[in-house]
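Here the structure is laid out as structure tokens; the discussion comes afterwards.
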Amino acid sequence: MSVFNAMIISLKAYVITILVYFLLFAVVGNMQAKAASSEKSNIFEEVVISVAVTDNDNTGLSKALVDYLKETQNVVDPKTDDLRTMNDNVRFSIYDYALIIPQGFEDKILSGDTEGAVSYIVPGTTASQFLLTEKIDNYLSDVVIYLKSGYSKDEAIKLTHDQMIDLSDTHVVVMDNDDNNHKSFYASMFSFNGYTLMMLLCVCCACTWSVMKDRNVSERIAVSGMHFFTRNAAAVGAVLTIGFAITSLVIVVVRIMGRGNVDDKFMYYALDVYALMTVGIGMAYFICSITVSDNLINMIANMIVLSMSFLCGIFVDAQFLSESILKVAHFLPLYWYARALKFINDTKVDQILGGQFITYLVIEVLFALVFFAAGMVISKKKEQYAV
């Protein structure tokens, strides 16, 4: 119990370090998460656009087409007959679309030929502009179909007009509901957390452990008669308590920051973070078994964690990494942490808890056990040979 209490008290010396990394996480992580996250939204929603119409035919059919456009779009006067000026007006969004009905338009449609019957000037940058072109083509095609079916010109125009007006009551909206196309705020926030939490745990836990590995302290504990595994179990218990407290605080802060984001998957993100906590603590024990110098601990932790963050998709999304880098990343714990985050983000909430998700968590814990085992071996050898 004395070892446990001593290690908890020694954490006071590293309060500044905790605050620095915590502020880095809270400020930079929050900014990055808001920039990288995206919510489900409409891919396309039809809107009314401004159409400049020039009617050079001035016949019954051309007037009917203009009337249809007036009922469904915002028809404006182009105020010019110059094609270059019209083109410039469209390009600079003075109006969205220009339609030119040439002389002989009605005669061409009555002959059954709709190809090139009208001219368009459109930048083609929006789906609504493309959709309007399709509607005009359909209007003319329907008129031709009715004419070929034996209807008179006036009947064909009326039937087509009524049909197209009825269709215009339909509001076109294309929704993007695929989770794979979006990254939630929590997925983005916890992704950056992979770096900051690992640094917090590695530095704080390793430095706390190093206090107990100080030669004078360790010699006093050694002559006390406390067994090697007993005192190490107490030290591990103290560091687990510290790690759990830091991790829980991080999770609570993320929850507070994302209070405006509705996400039923938060519990699974938290489970992944707690699995990463074991990796951070295991790595901290491994590092402090190598050195007890605070400066060296900081240097080694930064080298390892920064390298993993770049290789494992924490700082750079895995889709932008080469295949060879990803093959190497398979042997690093942060890769599986990032994989679990992506799996949670891309999977429906009722399908997350299963073999694949549990596998990711188990792999992270296994990495932690490997670090613990390596640290125990190094510590035992150092004590045995009085290194």
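The values are calculated or read from the model by the stated rules, or taken from the named source; none is laboratory data. If you're wondering where the values come from, they're calculated on a predicted model, not measured in any experiment. A quick note on method: Cβ atoms are made from the backbone with ideal geometry, for glycine too, and the neighbour counts reach across all protein chains shown.
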| Hey, among VAL122, VAL76, VAL90, which residue is touching a Pro at 6+ places or on another chain (Cβ under 8 Å), among the aliphatic types (A, V, I, L, M), without any contact (Cβ under 8 Å) to a residue 40 or more places away in the chain and closer than 20 Å to ILE49 by Cα? | VAL90
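This table checks each residue for (1) closer than 24 Å to PHE266 by Cα; (2) at pLDDT 85 or above.
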site	(1), (2)
ALA318	yes, no
LEU321	no, no
ILE325	no, yes
ALA338	yes, yes
PHE343	yes, yes
GLY354	yes, yes
ILE358	yes, yes
SER379	no, no
| Do you know which residues across region 126-141 are under 18 Å from LYS70 (Cβ atoms) and either free of Cβ contacts under 8 Å to residues at least 12 places away in the same chain or not β-branched (Val, Ile, Thr) (or both)? | SER128, GLN129, LEU131, LEU132, LYS135, ASN138, TYR139, LEU140
| Residues that are farther than 24 Å from HIS161 by Cα and polar (S, T, N, Q), drawn from region 72-125 | THR80, THR85, ASN87, ASN89, SER93, THR125
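Matching residues to (1) over 20 Å from LEU366 (Cα atoms); (2) surrounded by 24 or more Cβ atoms within 10 Å (Cβ to Cβ); (3) outside the structural domain of VAL252 (by TED's automatic domain parsing):
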{"site": "TYR274", "(1), (2), (3)": "no, no, no"}
{"site": "ASP294", "(1), (2), (3)": "yes, no, no"}
{"site": "ASN298", "(1), (2), (3)": "yes, no, no"}
{"site": "MET303", "(1), (2), (3)": "yes, no, no"}
{"site": "PHE320", "(1), (2), (3)": "yes, no, no"}
{"site": "PHE331", "(1), (2), (3)": "no, no, no"}
{"site": "TYR337", "(1), (2), (3)": "no, yes, no"}
| query | Considering ARG255, ARG259, which residue is assigned to a helix (DSSP H, G or I) and of a type in the set (Lys, Arg)? | reply | ARG255
| message | Between LEU83, LEU131, LEU147, which is of a type in the set (A, V, I, L, M) and closer than 17 Å to THR54 by Cα? | response | LEU83
| query | Which is assigned to a helix (DSSP H, G or I) and within 15 Å of GLY194 (Cβ to Cβ), of LEU361, LEU369? | reply | LEU361
| Does region 326-339 contain any residue that is under 20 Å from the mean Cα position of the chain (by Cα) and of a type in the set (Lys, Arg)? | yes
| request: Please tell me if SER322 is small (Gly, Ala, Ser) and free of Cβ contacts under 8 Å to residues at least 24 places away in the same chain. | output: yes
| message | Please pick out the residue among ILE290, ILE358, ILE281, ILE325 that is in the same structural domain as CYS202 (by TED's automatic domain parsing), within 14 Å of CYS202 (Cβ to Cβ) and surrounded by fewer than 20 Cβ atoms within 10 Å (Cβ to Cβ). | response | ILE290
| Checking ASP67 against (1) out of contact with any helix residue (DSSP H, G or I) (no Cβ under 9 Å at 6 or more places or on another chain); (2) at pLDDT 90 or above; (3) in a helix (DSSP H, G or I), which test does it fail? | (1)
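This table checks each residue for (1) over 44 Å from the mean Cα position of the chain (by Cα); (2) assigned to a helix (DSSP H, G or I).
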residue: GLY112; (1), (2): yes, no
residue: GLU115; (1), (2): yes, no
residue: GLN129; (1), (2): no, yes
residue: THR133; (1), (2): no, yes
residue: ILE136; (1), (2): no, yes
residue: ASP142; (1), (2): yes, yes
residue: TYR146; (1), (2): yes, yes
residue: GLU155; (1), (2): yes, yes
residue: LYS158; (1), (2): yes, yes
